[in-house]
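> This is the structure I have questions about; it appears just below.
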Amino acid sequence: MISRDQVLREVHICITRAQAQMKKVYDSKHREREFQVGDQVYLKLQPYRQLTVAARKNLKLSARFYSPYEVLERIVNGDKLVSCPQAVLDRRFRKGKTEFLIHWQGLSPADATWEAGDILQERFPKFILEGEDRFQGKGNVTTI
């Protein structure tokens, strides 16, 4: 009969081999990319998880890549792709939360996206939604 320690050693060896094989397959299909400030890049999103960029009725047919964004700043762990809000075009309530239709700086109003109000305030704390409590469908975003 095989001892418990022997079984655990064999399991450990099998798991280590499987991890090495998975790493080899992953590494063969991926490459490191470096972007410089000012480069234009497309953003690839998972359509079933990313609902704040573009709400669509049929998620299977959603775009895989979203319009070119400019790299604004390099950070240590990767590249930062952030565009600043320019104006609030509309407001709605969905699932008990307030969402704002945001016109992003450097993009056309046709590329405006619905963003959750709390997430918007968290990502852009220097911006204030003017007249948020008495919002009547129009408004602006201003800096402090």
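The values are calculated or read from the model by the stated rules, or taken from the named source; none is laboratory data. Keep in mind that what you see is a predicted model, and the values were worked out from it rather than measured. With ideal geometry, Cβ positions are generated from the backbone for all residues, glycine too; neighbour counts draw on all protein chains shown.
> Can you confirm whether residue 135 is surrounded by 15 or more Cβ atoms within 10 Å (Cβ to Cβ) and at pLDDT 85 or above?
Values: surrounded by 15 or more Cβ atoms within 10 Å (Cβ to Cβ): yes; at pLDDT 85 or above: no.
Spelling it out, it is not the case that residue 135 is surrounded by 15 or more Cβ atoms within 10 Å (Cβ to Cβ) and at pLDDT 85 or above.
> Right, here's the next one. Failed condition for residue 53, given (1) surrounded by fewer than 10 Cβ atoms within 10 Å (Cβ to Cβ); (2) at pLDDT below 65, with all others met?
(1)
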